[in-house]
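What follows is one structure encoded as C-alpha cells, with my remarks underneath.
Just so you know, all these numbers are worked out from the coordinates, no wet-lab data involved. Owing to the predicted nature of the structure, the values given are computational and were not obtained by experimental measurement. Counting neighbours? That spans all protein chains shown, and the Cβs are built from the backbone with ideal geometry, glycine included.
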Amino acid sequence: KLDNHLSGRHFLHIPGPSPVPSRVLRSISYQTIDHRGPEFGVFGLQVLEGIKKIFQTKQPVIIYSASGTGSWEGALVNVLNPGDHVLFYETGQFANLWRTLAVRLGLSVEVVGKPDQDTWRWGVDADVIEARLRKDTQHQIKAVCVVHNETSTGVTSNIAAVRKAIDAAKHPALLIVDSVSGLGSAEYRHDDWGVDVTVSGSQKGLMLPPGIGFNALSPRAIEVSKVNKTPKSYWAWDEILESNKTGYWPTTPSTNLMYGLHEAMDMMMTEGLEAIFARHQRLAAACRHAVDAWGLENQSLDQDCYSPVLTCIAVPEGMDADLLRKHALEKFNLSLGTGLGKIKGKAFRIGHLGDCNELSLMAALSGVEMSLGAMGYKPKASGVVAAQEFLK
Ligand code: PLP
C-alpha cells in the first residue's frame, strides 16, 4: 500500500515515468482479452502501424514487454556478435549504463566523448565520431551507440549529424540510438536520420506506465540480424516479426498496456507530432527562464542541445540537491528527479514531458522556488515570474 498522506494532486515532475492521462489510465482498465483471439489480431495490427508514425518510420517496430534496459539489450543482441567492437559516446549516466550492459554481453567497448570538456555537459560531438571512424580503416567498429536525449543531464543530441559523420567517414558501422526519453517529446525521425535501431520505452513521452519497450528497425538492421550469432531467444526479432505479420506476438504481450498505447497514440496524433515537439520546446524554454532568474546553472553548457524533455539544474556549492527534493516532496507533493551518478546531490531535474502543460510546469517551478527558499537560498529574481513572462 502506498501511503501518500498529502492532500491534493501529486505533481510528478521527474523525467519519466511521466504522468499518465486519465484517458490512458481508463483504457488500460478495459477487460483483458484473449491475445490469440480474432479481436486481438486486428488491434495488434493497429498498434503496430500506429507506433511507426511515432518513430517516423515505415519499417517494423518491435514491441517488447520490457523496460528501456531490456530494449537496449534487445537492440545489441540482434545486430552484434560476441566480441564485436562498438563505439559508445559518453553523454551521461544512461550512456554509461548502456555501455556497462554491452560489456556484460561480451562486446568490446570503446568510449569517446567531447575532448577537454566535462562530457556530461555537452551533446554528442559528431566530429569526434567521424575522426574515430576515419581511423578505423579495417572497419573493426561494428556499431556507434548514442543517446538521443540524455535524461541524466538534460542534453538532446543531433542524431542527423551523427549519421552524416558515419557517412562522411564512409564507414559501415550501424547507428544505434537510445531515444527512451526523447521519443514522443523531442523531434525524432528514425528513417530520415538513417538510424538502424532506435531503442525506446513507454514511460516518458508516450505517457504510459513503464513496461513496454521498443526497437525500431532499418532494412539493414533486419538483414544483419538474420545472420547474427549471439545466443538469444526472448529478444530475437525473427519470431516476433513473423507473428507481428498477423498482429500477434510469440509470447503474451502486455495486453492492457497496449490498450493504453493505442489511446496515447490517438491523443498524440490528434495534437500532432510537430505541435507536441513545439509544446515541449516552449515549456523547456520557460523552465530555463526560471533557472536564469534564480541565478542557478543549467547542467547543459551546450545551448544547441538543451533538452525539451527535462532541465537538469546544478545547485550552489554547499546545498544538497536531495534535501531540496525531499522538501519539495514532503511539503508540496512535488516529485523532482534526483541527480544521477557523479552529479548525485549536486543537481536535480525538472521533467516537463508527456502530459505536461503551462500550468503543470508553473506548479513545479513554484514548488522549486519555495523549496530553494526553505534551503536558505536567495534567488536573484523570481523564476516563477520569469517563466510566466515568457509564457505570456
Ligand atoms: N535510457 C534512457 C535515456 C533513460 O532515461 C532510461 C530510464 O530512465 C533508460 C535508458 C532505461 O530505461 P528503464 O529504466 O525503463 O530500463
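Report, in deg cm²/dmol and to the nearest 500, the calculated mean residue ellipticity at 222 nm for the chain, where each DSSP H run with n ≥ 4 adds -39500 (n - 2.57) and the sum is divided by the residue count.
-13000 deg cm²/dmol
GNM remark for the chain: springs join alpha carbons under 10 Å apart, and the peak mean-square fluctuation among Asp34, Asp238, Asp322 falls on Asp34. Set Lys and Arg Cβ to +1 and Asp and Glu Cβ to -1, take the dipole of region 347-392 about its Cα centre, and tell me which of Ala363, Gly351, Ala381 lies farthest positive. Looking along the dipole axis, the top candidate is Ala381. Kirkwood hydrodynamic radius of region 22-269, from the reciprocal of the average inverse Cα-Cα distance over all distinct pairs: 18.3 Å. Using the Karplus relation 6.51 cos²θ - 1.76 cosθ + 1.60 with θ = phi - 60°, the per-residue 3J(HN,Hα) values for region 300-311 come to 7, 9, 9, 4, 6, 10, 4, 7, x, 8, 8, 10 Hz, with x marking Gly and Pro. For Lys53, the aspartates and glutamates whose Cα comes closer than 16 Å to its Cα, not counting residues fewer than 8 places off in the same chain, are Glu187, Asp191, Asp192, Glu263, Asp266, Glu271, Glu274. Residues whose amide H falls under 5 Å from that of Ala347, counting only those 5 or more places apart or on a different chain, are Val315, Ala321, Gly339, with hydrogens built in the peptide plane. Partner aspartates and glutamates whose Cα lies under 12 Å from the Cα of Lys226, excluding those fewer than 8 positions away in the same chain, are identified as Asp238, Glu239. Less than 5 angstrom separates the built amide H of Leu174 from those of Ala143, Val144, all sequence-distant by 5 or more or on a different chain. Region 244-262 and region 111-125 have their alpha-carbon centroids 39 Å apart. Shown here: region 33-75, whose C-alpha atoms stretch 31, 22, 12 Å along the first, second and third principal axes, sorted largest to smallest.
Helix check for the chain. Which DSSP H runs span at least 18 Å along their own axis by Cα, with a mean Kyte-Doolittle hydropathy no less than 0.0? The partial results should precede the final answer.
Values: long enough: 38-55 (27 Å, 0.68); 255-271 (25 Å, -0.08); 273-294 (32 Å, 0.13); 358-374 (24 Å, 1.08).
Correct list, ordered by number: 38-55, 273-294, 358-374.
Each of the peptides 274-281, 158-165 was scored by the mean count of other Cβ atoms within 10 Å over its residues; in descending order, highest first, they stand as 158-165, 274-281.
For the residue pairs Lys142/Lys229; Lys142/Lys164; Lys342/Lys380; Lys58/Lys170; Lys52/Lys232; Lys135/Lys229, the alpha carbons lie more than 19 Å apart in Lys342/Lys380; Lys58/Lys170; Lys52/Lys232; Lys135/Lys229. For region 118-226, the Cβ-based charge dipole about the Cα centre amounts to some 240 debye (Lys, Arg positive; Asp, Glu negative; other atoms uncharged).
What's log10 of I(q)/I(0) for region 266-392 at q = 0.11, 0.12, 0.14 Å⁻¹, Debye sum over Cα points only, no solvent? The Cα Debye sum returns log10 ratios of -0.36, -0.43, -0.58. Pair-distance distribution of region 219-288: all C-alpha pairs, bin width 5 Å, starting at 0; shares per bin in whole percent are 3, 12, 13, 13, 13, 13, 13, 10, 7, 2.
3J(HN,Hα) couplings calculated from phi for region 340-351 with the Karplus curve 6.51 cos²θ - 1.76 cosθ + 1.60 (θ = phi - 60°) are, in sequence order, 10, x, 6, 9, 4, x, 9, 8, 9, 10, 10, x Hz; Gly and Pro show x.
By the count of neighbouring beta-carbon atoms within 10 Å, fewest first, Lys114, Lys392, Lys326 end up ordered Lys392, Lys326, Lys114.
Karplus-based coupling profile of region 192-198, in residue order and whole Hz: 4, 8, x, 8, 7, 9, 10, with θ = phi - 60° in 6.51 cos²θ - 1.76 cosθ + 1.60 and x standing for Gly or Pro. Over what distance in Å are the Cα centres of region 1-62 and region 311-336 separated? First find each Cα centre; the distance between them is then 30 Å. Near the amide H of Ser300, within less than 5 Å, lie the amide hydrogens of Cys312, all on another chain or at least 5 residues away, with H placed in the peptide plane. Structure remark: mean-square fluctuation, Gaussian network model of the chain, C-alpha springs under 10 Å; the largest value among Thr119, Thr230, Thr137 belongs to Thr137.
In terms of its C-alpha gyration tensor, region 261-340 has an oblate overall shape, because the principal axis ratio a/c (a ≥ b ≥ c, square roots of the eigenvalues) is not below 1.5 and a/b does not outweigh b/c. Considering only beta bridges that DSSP places wholly inside the chain, some 50 percent are antiparallel.
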